[in-house]
Amino acid sequence: MNTELLWNNFLEKIKDRISPLSYDTWFKDTRLYNLNNGTAVVLVPMSLHKKHLEENYKEDIEEIFNSITGTNFSFIFKLESEITEDVESNDVLEIDNNTSSGVPYQDKNSANLKGEYTFDNFIVGDSNRFAFTAARAVAEKPGKAYNPLFLYGKSGLGKTHLMHSIGNYIIDNSNKKVLYVSSEQFVNDYIYAVRNNDKTGFDKIDSFKSKYRNIDVLIIDDIQFLGTATKGQEEFFHTFNQLHDSNKQIIIASDRSVDDLKMLENRLITRFNWGLTANITPPDFDLRVNIIKKKIAHQECADDIPIEVIEYIANINDSDVRQLEGAITRVFAYALMMNKGQITLDVAIEALKDKVSDRSVYKNDVHRIQRIVCEYFKIDIDALKGKKRSKDINYPRQIAIYLCRIMTNESFQKMGTYFGGRDHSTIISAYQKIEKDLKTNYQLKTVIDELKAKI
């Protein structure tokens with residue numbers, strides 16, 4: 001393809017991003033001079049153009065041009081007077097598979113990324129909102145927003161999902177080279193390079209350095225395992241420095257905070273603190289409910305699953321997402337084998353009984369309290385949560401609310417959601433009613449004691 005036609009194609013696309021005045025001022029009189037060894041040389045009319053294009057438009061230029069060519073050229077801007085006479089003009093662009101045409105556009109497989117992990121299917125709540133927002137900022141401006149980005153939290157909370165989401169977003173929206181690895185893989189690659197290096201050459205070491213340093217985004221998981229590899233730490237230190245000095249994005253994840261990485265060298269700890277650290281904590285109840293709804297949405301019977309089942313699963317699985325996924329799978333499998341696929345609260349309780357048999361979570365389970373009260377008074381749980389205010393329903397409802405208040409950690413406002421979406425003032429009033437009656441009604445006290453024993 002002729003370089004003039006190629007540059008004209010680029011100019012048409014850059015017009016769509018900037019104002020007509022900016023185009024006429026900074027781009028109209030530019031010309032693509034040549035392409036060589038992964039570098040594109042652009043001729044500009046004045047020194048002012050060099051500085052302004054370099055500082056304000058270089059990223060846009062590289063993104064658009066590389067999307068056209070399918071390669072990864074870097075750009076330099078020169079005046080005609082700076083072009084030496086012995087350099088012949090190159091009017092033809094040759095794109096092939098060798099490195100002289102730039103680095104090929106990298107796909108998700110070669111970057112070790114899982115395409116199913118995206119920002120769109122990451123469920124956001126209070127426990128992960130800060131980490132999610134930071135990850136999006138890094139994905140949109142790699143090397144510029146927060147560098148390095150250090151994500152930490154217990155296993156199963158979504159760190160890996162966010163890291164893959166960053167990598168997938170960058171590959172989908174730019175020509176930057178991305179690599180995702182675990183710290184164990186990094187160390188194994190280094191050991192292999194050292195042990196198999198050609199003593200007369202440095203082929204393996206050079207190949208290792210090229211893999212990890214000639215990239216735009218390095219995503220490294222489980223950095224805590226680097227603590228047992230002294231030489232691996234030293235090599236990662238040098239890799240980190242080169243990438244960071246070149247404004248390449250580094251994303252790191254760990255199961256503990258930076259300051260708790262006691263086995264890592266202080267010089268690494270210092271560098272991890274250069275950027276932004278973001279903690280992901282276990283999901284709260286509302287987030288767990290949303291995660292369960294998302295996980296079961298593809299099931300044919302999803303619309304038929306009672307909300308109390310979803311809330312029950314969320315209530316007894318409070319540590320991580322993987323635990324929730326396991327509980328969901330178990331409930332569906334148990335219902336299929338034991339109840340013709342129909343999922344009810346009783347089925348869920350039976351399916352997951354071993355998860356709570358030796359835990360005090362039973363006494364903190366609003367649904368269990370509601371169920372026991374309904375069985376005691378022989379009323380339907382839907383009636384307990386409903387709007388009916390007859391004494392045979394309303395008084396057991398008030399008793400259930402009282403028991404939930406004294407036997408769980410739920411707030412009045414949250415309890416209202418369990419009792420048909422009632423206002424927190426209604427819940428407070430019900431609690432106070434039973435509390436007052438207990439002072440004079442000894443029969444009620446007996447009922448409460450019996451219910452507490454069952455719970």
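Can you pull a Stokes-Einstein diffusion coefficient for the stretch 213-294 at 25 °C (0.890 mPa s), Rh from Kirkwood over Cα pairs, as a whole number of µm²/s?
170 µm²/s
Would you kindly work out the equivalent ellipsoid of the stretch 1-89 from its C-alpha gyration tensor and give its semi-axes, the square roots of five times the eigenvalues, largest first in whole Å?
Three semi-axes, in Å: 19, 17, 12.
Is the shape of the stretch 276-392 rounded, prolate or oblate, going by the alpha carbon gyration tensor and its root eigenvalues a ≥ b ≥ c, with a/c under 1.5 for rounded and a/b larger than b/c for prolate?
Cα axes put the stretch 276-392 in the prolate bin.
Going through the stretch 174-271, which chymotrypsin sites (Phe, Trp or Tyr not before Pro) have at most 13 other Cβ atoms within 10 Å and a DSSP loop state?
Phe202
DSSP loop chymotrypsin sites (Phe, Trp or Tyr not before Pro) in the stretch 1-90 with at most 12 other Cβ atoms within 10 Å of their Cβ, which ones?
Counting only loop positions with at most 12 other Cβ atoms within 10 Å, none of the chymotrypsin sites (Phe, Trp or Tyr not before Pro) in the stretch 1-90 qualifies.
Placing +1 on the Cβ of each Lys and Arg and -1 on the Cβ of each Asp and Glu in the chain, which of Leu403, Gly386, Asn279 has its Cα farthest towards the positive end of the resulting dipole?
Leu403
Out of all Cα-Cα pairs in the stretch 305-455, roughly what percent, to the nearest whole number, are more than 18 Å apart?
In whole percent, the share of Cα-Cα pairs in the stretch 305-455 beyond 18 Å is 59.
Just tell me the longest site-free run in the chain, where the sites are GluC sites (Glu not before Pro) in a DSSP loop having at most 14 other beta-carbon atoms within 10 Å.
117-299
Assign unit charges at the C-beta atoms only (+1 for Lys and Arg, -1 for Asp and Glu), then state the dipole size of the chain relative to its Cα centre in Debye, rounded to the nearest 20.
Its charge dipole is roughly 2680 debye.
Report D for the stretch 160-216 in µm² per second (integer): Stokes-Einstein, Kirkwood Rh on Cα pairs, 10 °C, 1.306 mPa s.
124 µm²/s
5 Å is the cut-off here: which amide hydrogens, built 1.01 Å from N in the peptide plane, fall below it relative to Asn36, excluding neighbours closer than 5 in sequence?
Val41
Cα-based Rg of the stretch 398-443 per 2.2 N^0.38 Å, rounded to two decimals?
In units of the globular-protein estimate, the stretch 398-443 measures up at 1.11.
I need the Kirkwood Rh of the stretch 371-431: take the reciprocal of the average 1/r across all distinct C-alpha pairs and report it in angstrom.
11.3 Å
For Cys374, what charge total do you get from the other residues with a beta carbon under 13 Å from its beta carbon, if Lys and Arg give +1 and Asp and Glu give -1?
Within the 13 Å Cβ shell, the charges total 0.
I'm checking a number: the convex hull volume of the Cα atoms of the chain, normalised per residue, in Å³. What is it?
227 Å³
Which Cα, out of Tyr312, Leu243, Asn109, lies furthest along the positive dipole direction of the chain (beta carbon charges, K/R +1, D/E -1)?
Tyr312
State, to one decimal in nm², a quarter of the convex hull surface area for the C-alpha atoms of the stretch 186-335, i.e. the direction-averaged projected area.
12.9 nm²
Using 7 Å Cα-to-Cβ label points, what is the Thr270/Thr446 separation (nm, one decimal)?
7.6 nm
Using the Cα centre of the chain as origin and beta-carbon charges of +1 (Lys, Arg) and -1 (Asp, Glu), tell me which of Gln299, Thr69, His161 is placed farthest towards the positive end of the dipole.
Gln299
Charges only on Cβ, +1 for Lys and Arg, -1 for Asp and Glu: so what's the dipole of the stretch 279-332 about the Cα centre, in debye to the nearest 20?
Computed charge dipole of the stretch 279-332: roughly 220 debye.
Amide H to amide H, which residues 5 or more places from Leu151 or on other chains are under 5 Å from it, using H placed in the peptide plane?
Residues meeting the criterion, in which the H sits 1.01 Å from N, are Ile252, Ala253, Ser254, Ala278.
Which loop-located trypsin sites (Lys or Arg not before Pro) does the stretch 260-356 contain, where loop means any DSSP state but H, G, I, E or B and the Cβ has at most 10 other Cβ atoms within 10 Å?
Those that pass, being in a loop and sparsely packed, are Lys262, Lys340.
With labels modelled as points extended 7 Å from the Cα through the Cβ direction, what inter-label distance (nm, one decimal) is found for Lys391 paired with His238?
8.7 nm
Please list, in order along the stretch 253-265, the HN-Hα scalar couplings obtained from phi with the Karplus expression 6.51 cos²θ - 1.76 cosθ + 1.60 (θ = phi - 60°), rounded to whole Hz, x for Gly and Pro.
10, 8, 8, 8, 5, 4, 5, 8, 7, 5, 8, 8, 5
Bear in mind these aren't lab numbers, they're just calculated from the coordinates by the rules spelled out. Keep in mind that what you see is a predicted model, and the values were worked out from it rather than measured. Virtual Cβ from ideal backbone geometry, glycine too; neighbours counted across all protein chains shown.
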